[in-house]
There are 2 protein chains.
Amino acid sequence: MRKTNVITPFKKLSHVHQQCADSALSVAEETCNSRGVRLTKLRRRVLELVWSSHEPIKAYDILDILRNERSGSAPPTVYRALEFLQDEGMVHKIESLNSYVGCGAPAHNHASQFLICHSCGAVAEMDDIDIRNLIADKAADMGFKIDKEIIEVKGICSQCSGEYSSDKKC
Amino acid sequence: MRKTNVITPFKKLSHVHQQCADSALSVAEETCNSRGVRLTKLRRRVLELVWSSHEPIKAYDILDILRNERSGSAPPTVYRALEFLQDEGMVHKIESLNSYVGCGAPAHNHASQFLICHSCGAVAEMDDIDIRNLIADKAADMGFKIDKEIIEVKGICSQCSGEYSSDKKC
DNA sequence: AAAATATATGTTATATTATAACATAACAAA
DNA sequence: TTTGTTATGTTATAATATAACATATATTTT
């Protein structure tokens, strides 16, 4: 068993969230630069709003905020920015919540397993190679070849369950 | 590694689908009887429509059919029946497709891993204990306790990939 | 069997999530 | 600097889902 690659851990309530957002935004800038794609003001702002917390945000909640900032904002304004950010791996959609979370490791081809706390609403992201391999093996037993997997695990995080609160969070 | 519990396998194109539907419907009847819940005509019909193929069906596609059969059919007609059938484990929602598939093993508490072929559209369902355990272990490493997991794997089934076509399907 | 209760369905309205299509603007390349 | 490309503005509408209350049907109690 290999060590889990934790992309976005659960954070303590006391963490300085601005650092999460700042870091993600600057990784995004660099990544867009090196890929030759444009992180426009709008896209950057949408990414910032996605990063306003570790809880997934809804497209129309983003829109409500944008409408106070840019006249002419409409659903396509948001959905197009989200589409770009998803294509670049900077945002992931949580299918079971119709909501979006930021990703600080914008590789095009990593997989994700999301842990969603139904108490605090926070989402953690990992890409665990053992999980990927096991699912791939089991699928292969049925003759199935995997292109993409959606794994969204609901439960309760350490902080909310009151255990491990000091040692399992960053 | 334990053997995968295949709940709904991929089927050959030539399979007699009526048998799949008939079997699921009669299991549903028996299960509802033994649970003391009512598989009404409407619910039975909706379940039958869900079982009209192994491709997931959309709520409004069900509605379109119902409208030709019962005057007064409306979205709640379908969504309420689907909710009942999901609660009873006879239907699962595929979150990433906003669609519904039948389940022939209506336990209240089994988990599911769905394999979704993007070529033929068919969905297979398994409940593999190794996958559940591995994900639970990895989540526990982060202090997370799982209530429910959503696993939807996209790819290509054996028949569509042209391999194993005779030996991996039922 | 009749009344009371609980459950299921009918009905209207609306909320939520997302995309199509075409116009204009901003940027990049030639 | 004009040309092409990419991004955004704008209007409209499609697709998915739920709220709220009325009526009907089934079940239980009297």
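If you place +1 on the Cβ of every Lys and Arg and -1 on the Cβ of every Asp and Glu, how big does the dipole about the Cα centre of the stretch A:5-92 come out, in debye to the nearest 20?
Around 140 debye, computed over the stretch A:5-92.
Nm distances between the label at B:C120 and the same-position labels in the remaining copies, 7 Å along Cα→Cβ, shortest first?
4.6
Compute the label-point distances linking B:K148 to its equivalents in the other copies; points lie 7 Å from Cα along Cα→Cβ; give nm, one decimal, shortest first.
Result for B:K148, in nm, nearest copy first: 2.3.
Do any of A:K154/B:K12; B:K12/B:K58; A:K3/A:K93; A:K58/A:K138; A:K12/B:K3 go past 32 Å between their Cα atoms, and which?
Checking Cα-Cα distances, A:K154/B:K12; A:K58/A:K138; A:K12/B:K3 exceed 32 Å.
Using a Förster distance of 30 angstrom, determine the FRET efficiency expected from the C-beta separation of A:S119 and B:N109, and round it to 0.05.
The formula returns an efficiency of 0.90 here.
Report the charge-dipole magnitude of the stretch B:5-161 in Debye, nearest 20, computed about the Cα centre from +1 at each Lys and Arg Cβ and -1 at each Asp and Glu Cβ.
That gives the stretch B:5-161 a dipole magnitude of about 500 debye.
Need one number: nm distance between label points at B:E30 and B:M1, each 7 Å from Cα along Cα→Cβ, rounded to one decimal.
Modelled inter-label distance: 3.2 nm.
Run the quick spin-label model on A:I146 and A:S52: label points 7 Å from Cα toward the beta carbon, then report their separation in nm to one decimal.
Distance between the two pseudo-spin positions: 3.5 nm.
As a test of the formula, what do you get for chain A when each DSSP H run with n ≥ 4 contributes -39,500 (n - 2.57) and the sum is divided by the residue count, at 222 nm and rounded to the nearest 500 deg cm²/dmol?
Using -39500 (n - 2.57) per qualifying helix, the result is -12000 deg cm²/dmol.
Over the stretch A:5-157, what is the relative contact order in percent, taking alpha-carbon pairs closer than 8 angstrom and at least six residues apart?
Contact order relative to length: 28 percent.
No value in this document is a laboratory result; all are computed from the given coordinates. Since the model is a prediction, treat every value here as computed from it, not as a measurement. A quick note on method: Cβ atoms are made from the backbone with ideal geometry, for glycine too, and the neighbour counts reach across all protein chains shown.
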